[in-house]
Each structure stands twice: as structure tokens, then as C-alpha cells.
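Written out below as C-alpha cells is the structure these notes cover.
Only the coordinates and a few stated rules stand behind these numbers; no lab work does. Keep in mind it's a predicted model, so treat the numbers as computed, not measured. Methodologically, a virtual Cβ is constructed for each residue, glycine included, from the backbone with ideal geometry; neighbour enumeration extends over all protein chains shown.
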Amino acid sequence: MGRFARGFAVGLAVLSLSGTASMAQAKPDFSGKWAVVERPSDRVPDSVLTITQDTTTLTMIRTGGTIFTYRLGGSDSKNVFKNLAGNTIDTVSKASWDGTTLVIVTLIDIGHGPPFAQSERLSLDVSGHLVFELSSPPKTRTATPSLNVQTWMYKKS
């Protein structure tokens, strides 16, 4: 191999390694107070979310003061909240990273019928807005059930 070809090969190898390193992106920090700027029309979102985050946990305080804490390593996180009727609801969640998106899968036991799962995906868009996507079972049972997916966008307030 000639000197030019060798130099080209080394340069190409360096470029490919630096590209690989940039693909392993740092996990975003969602900490802050977030105000809703875009929401689905049929759901009332949390108008404000306050999030604290460290390397092991993310805590989300929703409108009305309901607090959810999630372990970021994929182990079970148990949370309890009251629904609109005042009933206590037990949940068990697992939070894990899919690239730079935090995925929280929660099993919810409402006390009658089998528990159901919902998924929340948190990410930051190119403008720095928090994108919050909720996937949950359909509100009514149908012959061909599909997930109900809704997305909210928040900006730091």
C-alpha cells in the first residue's frame, strides 16, 4: 500500500471512530419547571411539570402536587396516586433509556379488572422543548384494540 493510500486509510479509520463516539450520546437532563405549549385536544395535560433528575432517579411533580419517582436503571419504582374519584391507585414502573429518550413503562392496578400498562416517553427536541408522549390502552374495548398515543410539548418556564 502506498503512502497516500495508507494515510487515507488511517484518516478514514480516525473519522469512523470519532463518528462512533459521537453516536454514544449523553443522556439528557430533564430537570426544570416545564409549562405546556402544545397538547392533544381531548386530554387535559399537566399544565406544569417540575422535574428533578440525578444519575439514578427522576422525580416528576405534576399539576396538583402528585409526585412520581422513577429509578433510571430499569428496576421497579412503586408510586401511589389518587384518581379524580379520590381512589388510591398503585403503580409499578420501569424506566430505561432508548438512546436519548427516557422510556417509562408503568403497570397500573385500578382495583377492578386486570392491571394495564401505559408507556411514557420523554425526550428533548432540537429547540430544547420537552416532548412527552403517552401510550395507553384504548378507552373502550373494541374487536381490534390499538394503543391511544398522545403527545404534549413543554418549554422551560
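Relative contact order, whole percent, for the stretch 27-156 stands at 20, derived from Cα pairs under 8 Å and 6 or more residues apart. Computed over the stretch 27-156, the P(r) curve from all C-alpha pair distances, binned at 5 Å from the origin, holds 2, 10, 18, 25, 23, 14, 6, 2, 0 percent per bin. In summary, the lysines within cross-link reach of K82, defined as a Cα separation below 22 angstrom excluding same-chain residues under 8 places away, comprise K94, K139. Taking a straight Cα-Cα cut-off under 24 Å and skipping sequence neighbours fewer than 8 places away in the same chain, the lysines within cross-link reach of K155 are K27, K33.
For the stretch 75-127, applying the loop criterion from DSSP together with a ceiling of 12 other beta carbons within 10 Å to the trypsin sites (Lys or Arg not before Pro) yields no site.
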